[in-house]
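Step one of this worksheet: look at the structure below.
The values are calculated or read from the model by the stated rules, or taken from the named source; none is laboratory data. Computed from a predicted structure; not experimentally measured. Please note: Cβ atoms are built from the backbone with ideal geometry, for glycine as well, and neighbour counts cover all protein chains shown.
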Amino acid sequence: MHKIQQAILNLAAKKDLGRMTLREIGEHIGEEHPQKVKHHLGQLKLKGFLSTEGQPVTPSARGLKVNKLGLLSIPILGAANCGDAQLYADESFEGFLQVSPSMVPRQKGLFAIKAVGTSMNRANVGGKTIDEGDFVIVDWTNLKPRNGDYVLSIIGGQANIKKFVRDRENDQIVLLSESSQELPPIYIHPEDISDYTINGKVVEVIKKPSVEKNANIIKK
């Protein structure tokens, strides 16, 4: 868990966060940027550690829910760019993605992000590419990716999907595009690590339906 999130949880055990401003919370945990506090508060709520009112949630109450049809309801938390970090990572809950349990690897710690852009259209997540409009399933409990994992990361408050490489020889993190286009990597220096956060590992891709195939089905 990110150190700011842990500090917020510790504070929530002592004080009512719902009665505090972002700046007040920041003062208690030693974070001077209210937007960072907002971001990590949102993450804790989306992960199920805090209620919408800012109260701690017991572990037994967390996890994905199975609806009456036997489908998993995976929260959709906005969109992330597959190219440069252009889309803000403010949590914008857009409803639930209804998915058969056999389509995802686990039933806890998952959320969905809609992919924007084509710079990961040659990725290989279980044999699937990541194309614009696809739903990318992220495991927020996996915050320590290995080389070659695909991750949802936040850079300066903005979100993107990339392949993760830790270049120990040059003491840097490299975020790679896998695209039909020639796109440069994103380099993260250790001194700037405070502005870089991994929000989880990409574990599955739910492909958008093919327009052409659907059109043929309708014609038949």
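Here the condition is being buried (at least 16 other Cβ atoms within 10 Å of the Cβ) and either within 17 Å of the chain's Cα centre (by Cα) or at pLDDT 75 or above (or both); of G30, G63, G48, it holds for G48 alone. Residue count for the range 8-29, restricted to those that are part of a helix (DSSP H, G or I) and of a type in the set (D, E): 2.
For H40, the conditions (1) buried (at least 17 other Cβ atoms within 10 Å of the Cβ); (2) in contact with a strand residue (DSSP E or B) (Cβ under 7 Å, 6 or more places away or on another chain) all hold with the exception of (2). Total residues in the range 18-27 satisfying the condition of being modelled with pLDDT under 90 and buried (at least 16 other Cβ atoms within 10 Å of the Cβ): the figure is 0.
Residue count for the range 128-162, restricted to those that are part of a loop (DSSP other than H, G, I, E, B) and of a type in the set (G, A, S): 4.
If you take the residues in the range 66-90 that are in a loop (DSSP other than H, G, I, E, B) and surrounded by 19 or more Cβ atoms within 10 Å (Cβ to Cβ), which one is modelled with the highest pLDDT?
Residues of the range 66-90 that are in a loop (DSSP other than H, G, I, E, B), as a first pass: 67-71, 82-86, 89-90.
Those still in the list that are surrounded by 19 or more Cβ atoms within 10 Å (Cβ to Cβ) too: 82-83, 85, 89.
Working: C82: 69, G83: 62, A85: 58, A89: 51.
My answer is C82.
Scanning the range 163-182 for residues that are polar (S, T, N, Q) and either part of a strand (DSSP E or B) or closer than 13 Å to N121 by Cβ (or both) turns up Q172, S177, S179, S180, Q181. Consider the range 112-142 and keep the residues that are modelled with pLDDT of 90 or more and among the charged types (D, E, K, R). The one that is surrounded by the most Cβ atoms within 10 Å (Cβ to Cβ) is D134.
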